[in-house]
Structure formats: C-alpha cells, structure tokens
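One structure follows; several queries about it will come next.
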Amino acid sequence: MPLQAPGIDREVRESVRDFLYRESLALDERRFRDWLAAFADDARYEIPVRVTREKLAEWELSPTSRIFDDTKETLEVRVRRLETDFAWSEQPPSRTRHFVTNILVDATDHPDEFLVRSNCLVYRSRGEETAPSIFSAQRRDLLRRDGGSWLIVHRWAALDQAVVNAHNMSIFI
Amino acid sequence: MSAADNSQGITPMLAEIREGIAQGRVPARIFNDQEIFDLERRKLFGKAWCFLAHESEIPRPGDYVTRSIADNSIIVARDEHGNICAHLNMCRHRGNMMCKSEMGNASHFRCSYHGWVYKNSGELVGVPYFKEGYDTRLDRKQWGLVEVRTESYAGLVFGTLDPQAPSLDEYLGGFQFYLDIYLKQGLGGSEVHGPPDHWVAETDWKICAENFSGDGYHTPVAHQFGFHLGYFPSSGATHSEGWAVHIPGKGHSIGLGHTPGMPPFFGYPDDLVEQMHESLSPQQLEVFSKTRTAVGSVFPNLSFLIQPFSLVPGEPGVRFCTMRLWHPLGPGRMEMWSWCLVPKGASDEYKEEAYKAYTLAFGQAGTFEQDDFENWTKVTRAAGGSLAQGLEFPYVMGLDRPPLEDWPGPGHAVSPYVTDTNFRNLWGTWADYLARED
C-alpha cells in the first residue's frame, strides 16, 4: 500500500470516524441492540486465529480458523444470549473501553462502500480483578453508506496476540 | 497438616485422598495446590500417554507442530519418509529451543545459538567446527534430539515420556470404542479444520477434564441460555437421560446424552450417516445412533465433545465436534487448546457449517465455552483459599448404582447420564498415578 493514498472526501472521513467512535461507545455502554443495528443484513464479523510462524511462512493469520465467525443472524444469537439472565460469563458484566485510532479510509469499486482500517485497543476489566485483559487488534471494516449513516458490511479484526490472555472472549472487538 | 508433616512428603495425604475417593469424597485443595501439581508433573504427565497432535495437522513430509507434555516443549514432525516422530524441543549442545514457531515445514532444524543442525527425524547432522574444534571427541550419533515415544490411534498421535509405559492400545483399554464417534465420522475419518486456538486461564486443568468426562449435571444450569432460547435440543426434564461409561482403572470416560423422540444420528447429513453404517460396528451404531451429546475424556487431559446446535429452535441443526487439550501450566493455571474436528469425507459446505457452529458454541468466544471458564476460574480460586484446604466435595451421585448388564460396549456403563460414577473412576486413577513409586 503506498504511503500517499488518493484523497477521500474530508466529509466522508469525518463521518466514518464519528461512526466508529459512536459504535465503540455503544459497545462500552453495553447497548448491544444499538450495536447490532449498525450491521448490514449480509454482514460478516470475523476474528481469525493468529499462529506464531517463521518469517517466510505464507500466512500467520489462519485462513480457516476463527475465534469469531459470525453473520448478522449469529451475532443476534450472541446479543439475545446477553439479554437473558443466564449469560454467566458477563454476569456481572465486563467493563470495556474501546480505543480506536489510526483510522484510514479508502475507496472501493463501489461508490457507497469504503474500506476502513483502524487500530483498536480494548481494555477489559472484570469484577474485582486488578489485572485487566487488553486486546490489541487491527480492524478492517467494509462500511456501506446508509442514508446519513453507515452500516458495517464486514468487520475483520486480527488480534496481535497468538495466545490470548483471557479466559474467554465474551466481549466484542 | 503442619509444616513438619509437609516436609515428610505428601504420601500420607494421598492415602487419605484415595480412601476418600472410594467413598465418594474429593478434597477441594487438589484443584489449586503446588505440591499436587509438582506430583502431577512428575508422576502423571511423566508416565501417561499424552496427546500431541492430530495427524491431519502435519500431512506432508517436513510438516511440524510444537506441542507440550507438562512443561516439556515437544516437536512433532513428519519426517522425509512420512513417519511421525516427536522430539524434545531442545538443542543437545546447550539446550536452546530449536523451534520457536507453532507450526511449519522444515527438513532440518538449526539451532540459532551455535548452529547445530538436526534432521526432522532427530539425527544430528551438522556441527560447526566439527573437525577443527571437536577432534574426534564428539560422536554425533549420541547427540541427536531426545526422542519421545509416540503411538497413534485413528489419527491421534500420543507421546509418553516413560519408556516403560504399556502400549497405547493397552493404555486406552477399550476406550477406542467410544473415541470412534469422534474419529470415524464417515469412511474418511476425521481431520482438523485448521490450527487450534489457544488461550490461558486461571483454572486447574483437572476441573475441565472432569467436566468433559461426562458432566451432564452442569449443562441445564451453566448453559441455561441454550435451553432457554432453544439452541440445545434437550430440556431440563429429559436432560439426565442417557448413559455414563468409563474404563475401570484407566480413567477414560464418556457421557452419552440422549433426547427421546429424536431421529437416529440427528444433525448429521444423510451421506455421512450412510458412511457411518460402514465405519462403525453394529454395537457402536446401537450406542451412537441414540446419542445426542457425546462428551468424553482420554485420561489425563484430552477431551472431545459432539453435540448438535440449531439456530432454529426445535430443528436438529448441525453437529460439531471439538477436541480440546487442558494443558497444565501450574497449580490453578492452564492453557486451553481447542480444535474443531470435521469428517474428512463430508462436503465443504458441511465442514464450514460445522465449524461455524463450533465457533459460536465452543471456541474461545463460544457461547457455551464462555460460561464454563467463568465457573471454572471461580472454582479454582476458591480451592486455593485457606479454609478450603480442609474441605471435601461430595462425589456420591450414583455411588451404589449397579452397571448395566446388557450394555453393548466395553467398560462400566450406568444410566442415567447424570451421575458421578465416571468421576470417581477419574479421581481414583489420578490418585493411583500420584501414589505410584517412581
């Protein structure tokens, strides 16, 4: 990727950035219904498994293994679960803070869809634990213009850790 | 027990533990205890057959993965002749780690410290300054990588650190009958869908191994959401139905949950069911055709689970199969390795569908998995408490229940599925290992 990319309309960039911040806020405020509404009906949400490999290996993000491999339908299952009283892993709930930076917006072949790269650091605190889980990820989102706002068509997030130091992933990146 | 008693060793306590287990009592402290962990490392993981890899993870010559038996890093490789071999991941010269990646392909391994080179079959073939430096004093044949004895069953490669260990066949002791539900799903057998995911948890490996030895009791509570929302084809009322089977004295066990009214082999595609009529024996078909959930453990720390998952309540849904290794890192701390096994002969569509069900239910973000680890970490923490040191847990469910006389498979089978019978055998075997003379 060249370091100097063709310019994207400033208004689009600001609108995308604002959208990602508001989306993060919805997650951190546990407004999972609002969050789910930001996904297109044909959406995909995936987090590949990272594998520690030698430098010349063809891949280090598994082409087949996923930590999350969801459609909007299965994200709905996850959200419905969180709405019950029996989602024990989030009872009491995790406190999360999503820090989203390095947002880059690129055009795609489709005038209403943009490829958005960002860095995402998620701080997750549970119960009385003093040591948080910290997830660092590169995100690649395909966003589709939807009237005055955006829909997530594809979220792809690659964690930087190969061995995740959390006993589960009951939060979203 | 006073400090003075501790210094004499843990043997007297083990005698008490063994007596208690026979009567249905297990001490809480075993789930978070440095002395117990030290004994396990030496007497259990140093002696048992431990899972290393699935053959489908290293299909081509040169493929390797790095795995562990307790605190020993092991390279599991397919050599240039196609044979699977395992070696300690440690250079014989000064002990540097040979392979630092989780997987790869290499005909040779070269140490990054002084450059000793080994074939992937373990022979030492390259020593820098061999003539100039060593004169004739280094016999390369004596300094190959340390070999770990391996044997396989239906694609599963096990290793043992004990040269005197009985054969794997003898070790499994008939449990192969039950493993086949996971490993012979159709004529092509099973394969991994991709690399496993792994993560660390402040949990003792034994809690998990016990759970997967057939703990049907926790399911309606710990995984209540699945019942509540209809993703799990069983109800609280029928959930205890089925069978619990173990191999006496070996520690392997399985819980076979049954949901009345479901068609045979529900949730598998028709072509696979057809193949299973050939890959399985009539006795296995009799058992497995009625099985909704099969959750089992190969002693000490390898487990499997097959269950159906349906996004549409009431429908059979899709079957997924997970294989998981509860790798001990320390007292009350472990690394979870989790694979999805798919039938090799199934369509790509089914493999994908089964994999997606696995990630939704039992990967590290799996909706069932999340709740298990939440509970297990809390059990572990409590077990480390000072008051817990003198406490025991009751393992008396099904204590006097006689085994089924007409059970078509090997082992000790009881009904219903919800019972502690398998666990008493698990803990009895575990304690036997710990009490053995070196």
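The values are calculated or read from the model by the stated rules, or taken from the named source; none is laboratory data. What you are looking at is a predicted structure, and each value in this text was computed from that prediction instead of being measured. For neighbour counting, all protein chains shown are included, and Cβ atoms are generated from backbone atoms with ideal geometry for every residue, glycine included. Only protein heavy atoms, including side chains, enter the accessible area calculation; ligands, DNA and RNA are left aside. Shrake-Rupley method; radii C 1.70, N 1.55, O 1.52, S 1.80 Å.
Could you identify which residue out of B:GLU55, B:GLU349, B:GLU191 has the top mean-square fluctuation in a GNM of chain B using Cα springs shorter than 10 Å?
Of B:GLU55, B:GLU349, B:GLU191, the most mobile in the Gaussian network model is B:GLU349.
Could you work out what % of the accessible surface of segment B:46-120 is carbon and sulfur, using a 1.4 angstrom probe and leaving DNA, RNA and ligands out of the count?
45
Here's something else I'd like to know. Using the Kirkwood radius built from alpha carbon pairs, what does the Stokes-Einstein equation give as D for segment B:13-108 at 25 °C and 0.890 mPa s, in µm² per second?
155
So what J values fall out for segment B:393-406 if you push phi through Karplus, 6.51 cos²θ - 1.76 cosθ + 1.60 with θ = phi - 60°, rounded to Hz, Gly and Pro as x?
Values, residue by residue: 10, x, 10, 9, 5, x, 4, 9, 6, x, x, 5, 7, 9 Hz.
Suppose we look only past 44 Å in the calculated P(r) of the protein assembly as shown. What percent of the Cα-Cα pairs does that tail hold?
Values: 42587 of 186355 pairs.
The calculated P(r) of the protein assembly as shown puts 23 percent of pairs beyond 44 Å.
Set the Förster distance to 56 Å, then compute FRET efficiency between B:HIS81 and B:ASP270 from the Cβ-Cβ distance, nearest 0.05.
Numbers: r = 40 Å, r/R0 = 0.71.
Approximately 0.90, to the nearest 0.05.
Pairwise over distinct Cα atoms, reciprocal of the mean inverse distance: report the Kirkwood radius of segment A:31-98 in Å, one decimal place. Please report the intermediate quantities before stating the final value.
Working: mean 1/r = 0.0697 Å⁻¹.
When all Cα pairs of segment A:31-98 are included, the Kirkwood radius is 14.3 Å.
Tell me, what % of the accessible area of chain A is carbon and sulfur with a 1.4 angstrom probe?
C and S fraction of accessible area: 49 percent.
Could you work out what % of the accessible surface of segment B:360-432 is carbon and sulfur, using a 1.4 angstrom probe and leaving DNA, RNA and ligands out of the count?
On the way: 1670 of 2860 Å².
Summing carbon and sulfur atoms, their accessible area is 58 percent of the total for segment B:360-432.
Only residues of segment B:292-319 count here: report those whose backbone N is under 15 Å from the spot 7 Å along Cα→Cβ of B:SER235, or say none.
B:313-315
Using a 1.4 Å probe on protein heavy atoms only, how many Å² of accessible area do B and A hide from each other, summed over both chains and rounded to 100?
That pair hides around 3400 Å² of surface in total.
Go ahead and set up a Gaussian network model of chain A, Cα springs under 10 Å, then flag whichever of A:ASP28, A:ASP160, A:ASP70 fluctuates most.
A:ASP160
Select from A:ARG53, A:ARG66, A:ARG155 the residue whose mean-square fluctuation is largest in a Gaussian network model of chain A (Cα-Cα springs shorter than 10 Å).
Checking each option, the largest mean-square fluctuation is seen for A:ARG53.
Now for a separate question. Once phi is turned into ³J(HN,Hα) by the Karplus curve 6.51 cos²θ - 1.76 cosθ + 1.60 with θ = phi - 60°, what whole-Hz value does each residue of segment B:40-56 show in order, with x for glycine and proline?
My calculation for segment B:40-56 gives 4, 4, 8, 8, 9, 6, x, 10, 7, 7, 10, 5, 10, 6, 9, 3, 6 Hz in order.
Follow-up. Restricting to DSSP H runs of at least four residues, report the calculated mean residue ellipticity at 222 nm for chain B, -39500 (n - 2.57) per run over all residues, nearest 500 deg cm²/dmol.
-7500 deg cm²/dmol
How about chain B: what cysteines have no other cysteine beta carbon under 4.7 Å from their own?
Cysteines lacking a close Cβ partner in chain B: B:CYS50, B:CYS85, B:CYS99, B:CYS208, B:CYS321, B:CYS340.
Next question. Report Rg(Cα)/(2.2 N^0.38 Å) for segment A:31-172, keeping two decimals.
My calculation over the Cα atoms of segment A:31-172 gives 1.12.
Residue by residue through segment A:60-73, which ³J(HN,Hα) values in whole Hz follow from phi under the Karplus form 6.51 cos²θ - 1.76 cosθ + 1.60 (θ = phi - 60°), with glycine and proline marked x?
10, 9, 4, x, 10, 8, 10, 7, 10, 8, 10, 9, 4, 4
Based on the Cβ-Cβ distance of B:SER73 and A:ARG10, what FRET efficiency does E = 1/(1 + (r/R0)^6) give at R0 = 45 Å, to the nearest 0.05?
The pair B:SER73/A:ARG10 has a calculated efficiency of 0.30.
Using the crude model of +1 on Lys and Arg Cβ and -1 on Asp and Glu Cβ, and no other charge, please compute the dipole size for segment B:1-151 relative to its Cα centre, in debye to 20.
Numbers: 20 positive and 20 negative charges, 71 e Å.
Computed about the Cα centre, the dipole is about 340 debye.
Take the Cα of B:LYS344, step 7 Å along the line toward its Cβ, and report every residue of segment B:45-65 whose backbone nitrogen sits under 11 Å from that point.
Correct set: B:55-57, B:59.
Moving on to the next point. Using the C-alpha gyration tensor of segment B:110-265, what are the square roots of 5 times its eigenvalues, in whole angstrom, with the largest one first?
In descending order, the three semi-axes are 48, 19, 16 Å.
While we're here: Amide H neighbours of B:PHE299 under 5 Å, at least 5 residues apart or on other chains, H built in the peptide plane: list them.
Those qualifying (amide H under 5 Å, at least 5 residues apart or on another chain) are B:HIS252, B:SER253.
At q = 0.07, 0.09, 0.10, 0.11 Å⁻¹, what base-10 log of I(q)/I(0) does the Debye formula yield for chain B when every alpha carbon is treated as an equal point scatterer in vacuo?
-0.36, -0.59, -0.73, -0.87
Provide the FRET efficiency to the nearest 0.05 for the A:MET1-B:ARG381 pair, computing r from the beta carbons and using R0 = 45 Å.
So, using R0 = 45 Å, E works out to roughly 0.45.
Would you grab the residues whose amide H sits under 5 Å from the one on A:PHE68? Only those 5+ places off in sequence or on another chain, please, with H modelled 1.01 Å from N.
Those lying under 5 Å, H to H, from A:PHE68 are A:ILE47.
OK, next. Would you mind giving the mean number of other chain beta-carbons within 10 Å of the Cβ of each residue in B:352-364, as a whole number?
Per-residue shielding by partner chains comes out at 4.
Separate question: Measuring from a point 7 Å past the Cα of A:ALA37 along Cα-to-C-beta, which residues in segment A:128-149 have an amide N at less than 20 Å?
Residues A:143-149 fall inside that zone.
I've got another one for you. Using the heavy atoms of the protein chains alone and a 1.4 angstrom probe, what is the accessible area of segment B:1-91 per residue in square angstrom? Show your work: numbers first, answer last.
Values: 3650 Å² over 91 residues.
Per-residue accessible area for segment B:1-91 comes out at 40 Å².
Same structure again: Where in segment A:6-103 are there GluC sites (Glu not before Pro) that are in a DSSP coil and have at most 11 other Cβ atoms within 10 angstrom of their Cβ? Don't jump to the answer; show the numbers that get you there.
Numbers: sites: A:GLU11, A:GLU14, A:GLU23, A:GLU29, A:GLU46, A:GLU54, A:GLU58, A:GLU60, A:GLU73, A:GLU76, A:GLU83, A:GLU90; in loops: A:GLU29, A:GLU54, A:GLU58, A:GLU60.
Passing both the DSSP loop test and the Cβ count: A:GLU29, A:GLU58.
Could you tell me which of the pairs B:LYS100/B:LYS141; B:LYS184/B:LYS206; B:LYS184/B:LYS250; B:LYS119/B:LYS206; A:LYS72/B:LYS290 are separated by over 30 angstrom between their Cα atoms in the structure shown?
B:LYS119/B:LYS206; A:LYS72/B:LYS290
For labels at A:THR101 and B:TYR113 in the simple 7 Å Cα→Cβ model, what's the distance in nm?
Result: 3.8 nm between the two label points.
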